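The values are calculated or read from the model by the stated rules, or taken from the named source; none is laboratory data. Because the structure is predicted, anything quoted here is derived from the model rather than measured. Here Cβ is always computed from backbone atoms with ideal geometry, including for glycine, and neighbour counts include all displayed protein chains. Heads up: the accessible areas ignore ligands, DNA and RNA and are worked out on the full protein's heavy atoms, side chains in. Shrake-Rupley method; radii C 1.70, N 1.55, O 1.52, S 1.80 Å.
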Amino acid sequence: MRRITPSQPRSHSTSRRDFLKLITTAGAGLTLAMNLPLALAAESTAAAGVDFEPNAFVRIGTDGRVTVLMKHLEMGQGTFTGLATLVAEELDADWSALVAEGAPADASRYNNLLFGTVQGTGGSTAMANSFMQMRTAGATARAMLVAAAAKLWKVPAAEIQVSQGILSHSASGKSAGFGELAELAAQQPIPDAKSLRLKDPADFAYIGQSLPRLDRGKTDGGALFTQDVQLEGMLTALVAHPPRFGASVQHYDATKALASPGVVDVVQIPSGIAVLAKDFWSAKKGRDLLDIKWDQSHAFMASSDEMLREYRALADQPGAVARADGDAVSALASATTVVEAVFEMPYLAHAPMEPMNAVVLVNDTGCEIWNGEQFQSIDQNAVASALDLKPEQVRINMLFAGGSFGRRANPQADYVLEAALIANAKRGTPVKLVWTREDDTRAGHYRPMYVHKVRAGLDASGKPIAWEQRIVGQSIMKGTAFESYSIKDGVDSTSVEGASTLPYQIPNLQVELHSVDHPVPVQWWRSVGHSHTAFSTEVIVDELARAAKQDPVDFRLQLLSQHPRHHAVLKMAAEKADWGTKLPEGWGRGVAVHESFNSFVAQVAEVSVQENGSFKVERVVCAVDCGLAINPDIIRAQIEGGIGFGLSAALLSEITLNEGQVVQSNFHDFQVLRINQMPAIEVHIMPSAEAPTGVGEPGTPPIAPAVANALSAATGQRFQRLPLKLSS
Amino acid sequence: MPITIQVNGASHALDATPDTPLLWAIRDHVHLTGTKFGCGMAMCGACTVHVDGQPTRSCVTPISAVQGKAITTIEGIESVVAQAIQQAWIELEVPQCGYCQSGQIMSATALLEKNRQPSDADIDAAMAGNICRCATYVRIRSAIKQAAAQLA
Ligand code: FES
Ligand code: FES
């Protein structure tokens, strides 16, 4: 049995070390330190003596263990490994001594440098914002270890070598491991960051190698997710949520629920009625027995079809201007050929494998949270303000997340706040809020539904001269902490990104936006705006190429001469995919190239269409330029996963509303990709010396248009809707 | 009368109603948390355990149905096949978030126990019930093949 006791109030300096104390009893829980590379593992170093903590990111134990404090959430994207690689590189550490540990919520030390003062993970920024910071952290620690050795051995610091966690001085023959020098290193002055010399890329030993991942315990059940936290006396809470957005509890009767075995309490919170029980199943049965009358007088009652009609009508009207080059309207009027399409893209749930959940304990000293924590600042502040605490009284333990795809960074702190409010009603008792898959699917916070209307024109020579695109959908940023940063002149940049940044050389280009207000909660979903703009833009570009009777790759390459990185990945993908060679009967090949989050990705998809009208994506060849490749294998994994995630949306998934109710509820009707639908994937990484960017999201946008274009090549049909369907 | 189940060779008398799904008995009563909750309706495979060697969705299996049967969870697998699968999983760095992987490994182990040389179609048939939202499918397939080759 594995149990965790909540931490005692403590100062920051000791917080990480003892905030989780394990009580292990006979049976399971054997190799805990190895299997729980998060905060839990810290215990073993704590006992070993005085640690060397030169900065907020590195701690070296007297046992030689190098712990890297992770300010970013590990949700599968490999960030623990990537960030630790940067530290290990500049520290010249032994990789096998590295341990990753979740940093506490403290934006003064752990803010995302690309989010201003906010601590959080998203936008494929973990590597980009940490690249210099984590290298500097490693270099600082190294300099202090060297200074310690120089002092101890009475030799010049410049003569000391460091390699694989060992410091040595060849003239005197002295050597020592990091652990032996830790105590003395801790007494050395912290060097000025400017005095540090970071490595020349030519000397990188770890960066560019595919070091083994640090987020272990994922093959033996040992890795600790929020769902797995067990605290002494903990209750499990399930919440009955309203059936429609905007509805609320009118009255409820909990008599039967309270009489159900295992149920301990029923509490009303703003988001619904929570049933607390000794275990999940008792809570679930108790919830089923609640008798609730909902007030639906303010509920949102629209259906997706109506909303689409509204969106399509809006797409015929001019909107707020996101980009205006030249005069698109006149150019379209003078064009020889005009291609026009209206695209529809549905709401999408993130549906990570681990449904939303959080463990919270509220007591007299404050509030402690255990969570796959993606948005520390937002959650900490939201909970503090709801519970009338100071933000620093809200302590957050960042555990592994069983996927997120953006969902766990909720701008309203939705599920974390829900858990905190339940726990606040049961002060002194730890509460684990568990959402069922149905709760998770129906809770909203979807990728918004969008309609795009695009008109594009060619001149007589087949050159594109005009592009007009109108985008209609809800704004993700409106009402969030990022609103003033993201919304300018009525344009939410995250609604139009990818279209407003269209790289092709088209002299007259207009992109407009209608931001629609609806009470369906919306949220960033892996690749945000790019998840829909890549589809419409890259399908239209293919249609233009066809109208111009040009090869889709050549056509794009000509229009990308000012964009060398797009150009290069497109060329690489086409070459590696043997673009232009013959395919079997019934197959088609399609291409798309798209930049997102400063990474450049081109994909060539091959599809086979069967006689019965079904089709399969057989193979995807991808080229990616994400700057300097820190860990090529993790880059490949993220691109493979990003393609698979995008394929779910391209082929299968949609959330629809029927009179305001979410139709889908679980994986039988919100379908996602399975192994038999996964294509073979080849990922080619562009060699680059540019600063590293992210790879969590950029693999997703190009796949839907690449597949649509392949299907068009195979069948001659046009595709203007996701998920893709062949017409019979 | 408490219901007794055998998990990884140990008996557990449970203070739980007979309709309690095996998944929640394992997680909330036996306190083994490697077996995951993903859907609760046999659609995702995250909760896969072995019952008398058969891969079983524990979320829809009441404890009343598994009394006297040998239940094995991810924490308890130790066969040569299971070890080969786990080793291939690590060597090929299959897991991303990792949440689905206990279930994937339980399904893959059950497949190789029965079929040491699975074809792609066999892999599809055995593994299509296990969703990986991180879409690690390319590597799952490769790792099954690598484990099979190592066992051959
Ligand atoms: S949780 Fe049992 S199959 Fe999904
Ligand atoms: S590894 Fe994340 S769901 Fe499979």
Completion exercise
Residue pairs within 9 Å by beta carbon, gap of at least six or interchain, first lying in the stretch B:115-132 and under 18 Å from B:PRO95 (Cβ atoms), second away from ligand 2 (no atom under 16 Å from the Cβ) and assigned to a helix (DSSP H, G or I), listed first then second, are B:ILE123/B:LEU111; B:ILE123/B:LYS145; B:MET127/B:LEU111
Problem - Restricting the stretch B:25-36 to residues that are open to solvent by less than 10 Å² (accessible area, probe 1.4 Å) and outside any loop (DSSP other than H, G, I, E, B), the residue that is nearest to ligand 2 (Cβ to nearest atom) - result: B:ARG27
Completion exercise
Only unsatisfied item for A:ALA409, checking (1) among the hydrophobic types (A, V, I, L, M, F, W, C); (2) outside any loop (DSSP other than H, G, I, E, B); (3) more than 14 Å from chain B (Cβ to nearest Cβ), is (2)
Completion exercise
Residues of the stretch A:462-478 being aliphatic (A, V, I, L, M), buried (at least 24 other Cβ atoms within 10 Å of the Cβ) and touching a Leu at 6+ places or on another chain (Cβ under 9 Å), in sequence order, are A:ALA466, A:ILE471, A:VAL472
Exercise for the section: State whether one or more residues within the stretch B:37-48 are surrounded by fewer than 20 Cβ atoms within 10 Å (Cβ to Cβ), more than 6 Å from ligand 1 (Cβ to nearest atom) and within 17 Å of B:ALA128 (Cα to Cα). Expected result: yes
Exercise for the section: Within the stretch B:51-74, work out how many residues are within 14 Å of ligand 1 (Cβ to nearest atom) and within 13 Å of another protein chain (Cβ to nearest Cβ). Expected result: 8
Problem - Candidate set from the stretch B:128-149 (those that are part of a loop (DSSP other than H, G, I, E, B) and of a type in the set (Val, Ile, Thr)); member that is nearest to ligand 2 (Cβ to nearest atom) - result: B:THR136
Practice task
Hey, can you tell me all the residues within the stretch A:661-690 that are open to solvent by 10 Å² or more (accessible area, probe 1.4 Å), within 14 Å of another protein chain (Cβ to nearest Cβ) and not in a strand (DSSP E or B)?
Solution key: A:GLN664, A:SER665, A:HIS668, A:ASP669, A:GLN671, A:ARG674, A:ASN676, A:GLN677, A:MET678
Fill in the blank from the handout: Residue hits (the stretch A:410-439; touching a residue at least 60 places away in the same chain (Cβ under 8 Å), open to solvent by less than 10 Å² (accessible area, probe 1.4 Å) and farther than 13 Å from A:ALA237 by Cα) are A:ASN410, A:ARG437
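Every residue, every condition in (1) modelled with pLDDT of 95 or more; (2) within 14 Å of chain B (Cβ to nearest Cβ); (3) open to solvent by 10 Å² or more (accessible area, probe 1.4 Å); (4) not in a loop (DSSP other than H, G, I, E, B), yes or no:
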position: A:VAL68; (1), (2), (3), (4): yes, no, no, yes
position: A:VAL87; (1), (2), (3), (4): yes, no, no, yes
position: A:ALA100; (1), (2), (3), (4): yes, yes, no, yes
position: A:LEU113; (1), (2), (3), (4): no, no, yes, no
Problem - Test: residue in the stretch B:75-85 that is within 16 Å of ligand 2 (Cβ to nearest atom), buried (at least 20 other Cβ atoms within 10 Å of the Cβ) and within 10 Å of chain A (Cβ to nearest Cβ) - result: yes
Fill in the blank from the handout: Filtering the stretch B:19-50 down to residues that are within 11 Å of chain A (Cβ to nearest Cβ) and farther than 30 Å from A:GLN664 by Cβ yields B:HIS29, B:VAL30, B:HIS31, B:LEU32
Handout entry: Whichever residue in the stretch A:214-234 is farther than 23 Å from B:GLY76 by Cβ and open to solvent by less than 10 Å² (accessible area, probe 1.4 Å) and, among such residues, is nearest to the other protein chains (Cβ to nearest Cβ)
Key = A:THR226
Completion exercise
Scanning the stretch A:598-612 residue by residue, those within 19 Å of A:PRO705 (Cα to Cα) and surrounded by fewer than 24 Cβ atoms within 10 Å (Cβ to Cβ) turn out to be A:SER608, A:VAL609
Practice task
Within the stretch B:104-127, count every residue that is within 13 Å of ligand 2 (Cβ to nearest atom) and either facing another protein chain (nearest Cβ under 9 Å) or closer than 27 Å to A:PRO632 by Cα (or both).
Solution key: 4
